[in-house]
1. Give me the percent of Cα-Cα pairs in the range 227-312 that sit more than 16 Å apart, rounded to a whole number.
2. Under a plain spin-label model, where a point goes 7 Å from the Cα along Cα-to-Cβ, how far apart in nm are residue 257 and residue 535?
3. For the range 295-336, list residues with backbone N below 12 Å from a point placed 7 Å from the Cα of residue 278 toward its Cβ?
4. Using r as the Cβ-Cβ distance of residue 173 and residue 372, and R0 as 30 Å, what FRET efficiency do you calculate, to the nearest 0.05?
5. Quick one, what does Rg over Rh come out to for the range 828-936 if you take C-alpha atoms and the Kirkwood Rh?
6. Using only Cα atoms, what Kirkwood radius does the range 733-923 have, in angstroms?
7. I need the P(r) histogram for the range 116-214: all alpha carbon pairs, bin width 5 Å from 0 out to the longest distance, whole percents.
8. For the pair residue 593 and residue 37, how long in nm is the line joining their label points, each one 7 Å along Cα→Cβ?
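Derivation of every value follows stated rules applied to the coordinates shown; laboratory data play no part. Quantities reported herein were computed from a predicted structural model and do not represent experimental measurements. Note: ideal-geometry Cβ built from the backbone for every residue, glycine included; neighbour counts use all protein chains shown.
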């Protein structure tokens, strides 16, 4: 632990002397080839004369940079010696290997590394460079002064093995985020913190718990930098490549996603990032198509605005590289060598002084930054020189002290030498005395040898006598043993004689015991057999009981499920009956909000998907109408129609659909799908979601349109982008649209395909849906060669939120538009009759392969003039011209198309008429069945999320509205009704305009209101023509005082549909007027219902007068308007 105690002083102070700043190189980009020096040895070891291995190429590595411009890096891929630690000096443009000691972390790549202070490097994680090796997941610190690696032992939990993560330092804390676990494929979004002040006591990691619920999605290989007290995160790779930007406040511990503006970078990972002042640079990276990028983006953090750095296309694409900011320059190291060409061993330098963008860095600020860097370098150089001088002074003192010590030791050695000489004389005298004594010892030794030989001879003699004595002693011992055994045998024989009788007696007892035991065993066996039989009976009975129990449970569950289903069906029928009870009732439900509206929308969606719950198409239309009103009013969306799990790369469009969005190819539930991403404008995510809910009312209806010749709509979802888009999902039609299909297969019979188009169009018109943009490009051909209508009613979604529809908005469909629409001052809404004009144009495309009118009229003005002159059609585009020649086999289609081009809309055939005409031709149709395709469509739709309806909540809500309606009816029944009023239509005062001009020939709508009188209050009407808005004006008269009541119906709605009208009444004025009349009533701003009657030219407005005390309706008044 002694090494740990040295690190706090290193990481919390600036201890490394700086180098001189690099010389500026002219231009935005420049290259440097580092000069490679011999390895730098550790103090005390030998110095090598060999040059260090080249530092590049390498990729997927990290680096740490000191404030004085020294860059340290190791590991990575594509390098022959990944275990070496390099130092690059920006001052000298040199690279050298640092010889290290201590706990070497070993070669690795995709690790996290950061500079701590100026004298320590922190390294963690990564993946082994060699297969089969392991990576130690500990935190390593490298001491730049002692050149020593140290593995930090930590207490408690730790981040563990991971790769592709990043670390930065804020103050004295290391922050680590994200990465991919080495134990599995999952990516991480954890934020860990390591407080360097705990090194001396108890080093530990802390898993940071954000104070906000919002946090970045899991990812790896991203940009991660620090700015003041913030951590800035950009891009990376999650389930897909990302382009979002996040900030983490280290003080409040709160994540927030930055809603950035400007040129936002495309999704990418393996991007190099660097901080220059308050600007984060993101350089290159890997795109969704796995290509390396060469663009450079800069994020002005304070303004949350991205900029594209111009002029960066001169450098090579890079990915897996690293970058460091030194002064006003950004140094870019390494990257995948296959993209770098001849610059594999070069360092690219981006000089910010040549970026011509004052919004990023003003020249004055860049000069300040350069001056600050130069001053810091010079001050640190002076500080280093002063320290080296102090070190030399200290060395001088140590040397002088060492010299005095050597002089003292020299005197001591001389004194000891004199004493050694005296001792040497004494030792010589002692040696002579020892030699004399040695001679005497030799004489004594020879005498002892002679005495020893005499003793050995006597010993041999004694040993021979000893053997005889031992032999005799052994014989005596054997005789003694024999006598003892004889006595023991006699005693044993006597005992055996007595024991034999006892054994016989014991044997008899055992025989008796054996018989008794056998009898008992027989009894036990009989009892055991009885018990076994009883056990089998019990098991049999238990099994029967269990089967009975299971059968009863099945019957109970079945019955319970039947009762629950009966209850649900009863509640469904009751709800449907209450909803269909009256139009007023349905419109009151349309005002629901919040949870009530969401549950009712989900219920109506379920009703529309169940064919057995509705008795007629009329009921289905009314349910569709109510659903649309709820969706638009409450801005909710049926959960059943919301899609999840759609896989689609929104950065790779298949084609563009103009200003509205693009078409993409995706997948859902294993099936290829078409995704139309609709642009809804920039804005916040919450605003975009609100726009989506407001616009998807039509989409929710179309999700329930089911016909074999109408492309099914699977649903929609909101894209996960900074500026979200509505993504509409439908099946992918591999045969493309009708126009391209017929060009590819020109011999295809036309009659069956146009019959499909007519059948789909008839179904839509029966459902009250107008296509509005019918042309061959909007007719798709399925795998079974069936024509299917597409893009119907999508224009309603597109135009919502984009402003008022004008001719300029729809120039793309001009050649297919009916004359009555083009000749109006503003484009009126499409009608079934205008759809039939488009059907005729589609027939023309199928017959000729040409766009109607395109070869004759190049501008909208020319086409309108042709329509005004009269009777221009796709077949005869010019007045009195011969018809365009078509194939003789297409004669029936020509006749049908010309009927569709009648300038009087009411004279055109309906879709049902067209289908009947084509069916009567009995054309040959050898196309395969489309049952398999339809089954596939339904299978995908059937896998949408199931929604459980809360009937306990919904039924009381609907019943409450029904009760309010019943009270109103009872109140009306108790009031004396006035005499029936005769309705008189007001005839137009002017003659009907000539039919030549469609602008003047628009039908004039006259309004008639029944003259109703109650308590002295009368309502009169005035007549107004159809214009931009219909204005219904009436007055309440009472003793000469009155107030005006008016309603405005936007002309962009169809008059044949049910409309909502709100009377903007001044309640205060009305209340005062009625109070002067002495009547106990109050005319308030209540919603009114406008409903079409059976006749197509009549509609009715309902509104109520309300009792100010009881709240009940006092009178139900009606207003009718009639088309004359």
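1. Result for the distance tail: 51 percent.
2. 6.7
3. Residues passing the 12 Å test: 300-305.
4. 0.75
5. On the Cα set of the range 828-936, Rg over Rh gives 1.03.
6. 16.8
7. 2, 11, 21, 25, 20, 12, 5, 2, 0
8. Roughly 7.4 nm, to one decimal.
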